[in-house]
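Read the structure below first, then the notes.
The values are calculated or read from the model by the stated rules, or taken from the named source; none is laboratory data. Owing to the predicted nature of the structure, the values given are computational and were not obtained by experimental measurement. All Cβ positions, even for glycine, are placed from backbone atoms using ideal geometry, and neighbour counts span all protein chains on display. For the accessible areas, the whole protein counts, side chains as well, though only heavy atoms, and no ligand, DNA or RNA atoms are used. Shrake-Rupley method; radii C 1.70, N 1.55, O 1.52, S 1.80 Å.
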Amino acid sequence: MNRPEENALNSALTEPSTAHSRQRKLHRLGIFCGISAALWLAGAEAPTKLVTVSVSPLVISFMMVLGAFVSRWSLPAVIRRTADTFTDTRHVPHLVVWGVMAGCLWAIGNTLTIFAVRDIGLSLAFPLWNSNSLIGILWGTLLFKELHRATWFRKMGVIGGALVIFVGAIFISAASTTQTAHGNAARGIAAALGAGLMFGSMYIPYRKAYITGMNPLTFLTFFTFGEMTTVTVIAILFLGGAASFWHELAANRSILFWPLLGGFMWVVGDLLQNYAAKYVGISRGIPLSNTNQLWGLLWALLVFRELHGLKGNVYVQVVAGSVLMAAGAVAIALSSASENEYSSWKQAAHRETKLYAIDPEYVMTRMEGHDLDSTGTGRTWVDWLLIIAAILIFLVLGAMARVPQMEIQMGWLVALTLAMLLVLVAAGLALWRVTRFT
């Protein structure tokens with residue numbers, strides 16, 4: 001016999017407000033958020049090109065995470081107010097621990113991406129660490145019933161897309177063995193695949209949060225504690241102590257702004273990726289956002305001319321591998337969830353509701369993309385303090401910054417930046433109109 005809270009949730013989830021039209025609207029929103037995330041996640045990796053000017057990868061990683069930390073506290077203050085973060089947390093306090101855990105996994109993965117870019121280059125490392133989509137599909141299916149009760153056509157779309165992604169990764173790996181100018185190719189491949197494993201595993205806490213309705217703005221706020229603590233410990237240990245770490249920061253102060261900016265850009269992309277994961281699941285949302293390797297390839301080829309001068313077969317392998325991986329991601333994204341699969345998602349939500357004694361009304365309302373606790377009050381002095389502090393940090397480091405001495409195609413840089421801004425505005429408006437950023 002079902003328990004009362006389970007019956008309440010089941011009843012709530014069968015109300016007319018969860019009709020197919022609402023699910024379709026949220027699905028389209030999730031798909032667009034995934035596409036938008038791809039542009040910003042790709043652009044965020046461009047500052048890691050600084051590792052080619054003898055800056056420690058650990059310094060770059062730390063500054064990216066610092067930029068993420070600052071942004072993940074200030075952006076919620078801008079978008080929905082800090083008070084909403086703590087109100088949301090009162091409903092699901094157990095997710096604080098899961099958020100910190102996800103942050104730890106991300107910090108390790110992000111550090112590995114820096115080493116991968118140093119050894120095999122941005123255009124080659126990108127698709128390899130995007131193997132995280134395979135891990136995400138596995139966890140989404142095993143733990144959160146994302147493909148349960150789906151039709152064979154939809155299952156084949158996801159499984160087939162995963163296989164195509166794998167074949168694309170093989171193409172990229174083969175090409176990367178010819179790109180040895182940066183460092184050790186084998187070590188770079190291992191670092192990129194290790195990053196994919198970390199990023200793929202961190203989606204378990206993501207889905208635990210979103211299947212019970214938590215706002216991505218809230219989850220990512222606590223996520224920052226795990227990533228900031230982990231990357232700081234890694235930097236201090238590997239650089240020989242706190243004094244040596246501080247010396248590295250001071251010696252490279254003229255370039256610290258760029259990875260800090262990369263951290264901000266990563267937060268924007270990651271936030272959009274999390275909205276995609278919330279509304280279409282990690283099995284679909286993550287592969288869709290992983291089309292960022294195509295945008296990363298454009299950054300590498302057009303802005304940095306990374307593969308300039310290499311043999312034609314290398315270009316063929318890189319482009320063919322990237323296209324295959326993108327095609328696999330598209331196949332997964334187009335395999336939309338059916339009504340039967342949504343029912344399986346609801347069963348996973350029942351499990352979380354029972355396990356952690358969550359309010360069924362909260363789960364139902366947030367799964368539909370509606371707000372439950374909004375009070376409509378204005379921002380407090382805490383919100384403005386966080387916003388002003390973030391702006392000052394960026395301004396101070398920006399004043400010390402200098403453009404590194406490397407070949408940059410400014411025309412393409414401006415074009416890609418404008419594309420990112422236009423997509424961000426469109427995604428922001430869509431999220432506001434449909435969900436009010438819940």
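Counted as qualifying within the range 237-350 are the helices (runs of 4 or more DSSP H) with 3 or more residues that are under 23 Å from W106 (Cα atoms) and over 14 Å from the mean Cα position of the chain (by Cα), namely 242-251, 257-280, 292-298, 312-334. Just one of (1) out of contact with any Phe, Trp or Tyr (no Cβ under 7 Å at 6 or more places or on another chain); (2) at pLDDT below 80; (3) closer than 22 Å to A277 by Cβ fails for H182. It is (3). When the range 130-147 is filtered for residues that are open to solvent by less than 10 Å² (accessible area, probe 1.4 Å), at pLDDT below 80 and within 24 Å of N184 (Cβ to Cβ), only N130 remains. Cβ-Cβ distances below 8 Å connect the following pairs, each with a first residue in the range 347-360 that is touching a residue at least 40 places away in the same chain (Cβ under 8 Å), a second residue that is of a type in the set (S, T, N, Q) and open to solvent by 60 Å² or more (accessible area, probe 1.4 Å), and a separation of six or more residues or different chains: H350/N10.
Go over the candidates A276, A326 one by one and state the one that is touching a Cys at 6+ places or on another chain (Cβ under 9 Å), open to solvent by less than 30 Å² (accessible area, probe 1.4 Å) and under 27 Å from W40 (Cβ atoms).
On the way: A326 fails: touching a Cys at 6+ places or on another chain (Cβ under 9 Å).
Of A276, A326, the one residue that is touching a Cys at 6+ places or on another chain (Cβ under 9 Å), open to solvent by less than 30 Å² (accessible area, probe 1.4 Å) and under 27 Å from W40 (Cβ atoms) is A276.
Here T365 meets each of (1) assigned to a loop (DSSP other than H, G, I, E, B); (2) more than 30 Å from V231 (Cβ to Cβ) with one exception, condition (1).
Condition (residue is of a type outside the set (G, A, S) and over 20 Å from F222 (Cβ atoms)) applied to the range 63-71: is it met by at least one residue?
Yes - at least one qualifying residue is present in the range 63-71.
Among the conditions (1) on the phi > 0 side of the Ramachandran plot; (2) crowded, with 24+ Cβ neighbours inside 10 Å, the only one that G240 does not satisfy is (2).
How many of the residues in the range 67-81 are out of contact with any helix residue (DSSP H, G or I) (no Cβ under 6 Å at 6 or more places or on another chain) and either closer than 16 Å to G296 by Cβ or modelled with pLDDT of 90 or more (or both)? So the count comes out to 0. Number of residues in the range 427-438 that are in contact (Cβ under 8 Å) with a residue 12 or more places away in the chain and open to solvent by 40 Å² or more (accessible area, probe 1.4 Å): the value is 1. Identify the residue in the range 397-411 that is assigned to a loop (DSSP other than H, G, I, E, B) and in contact (Cβ under 8 Å) with a residue 12 or more places away in the chain and, among all such residues, is most open to solvent (accessible area, probe 1.4 Å). The qualifying residue most open to solvent (accessible area, probe 1.4 Å) is Q405.
Residues that are without any contact (Cβ under 8 Å) to a residue 40 or more places away in the chain, open to solvent by 10 Å² or more (accessible area, probe 1.4 Å) and at positive phi do not occur anywhere in the range 68-88. F394: open to solvent by less than 60 Å² (accessible area, probe 1.4 Å) and at positive phi, yes or no? Judged against the criteria, F394 is not a match. Among the residues making up the range 22-40, those that are touching an Asp or Glu at 6+ places or on another chain (Cβ under 9 Å) and buried (at least 24 other Cβ atoms within 10 Å of the Cβ) are A37, W40.
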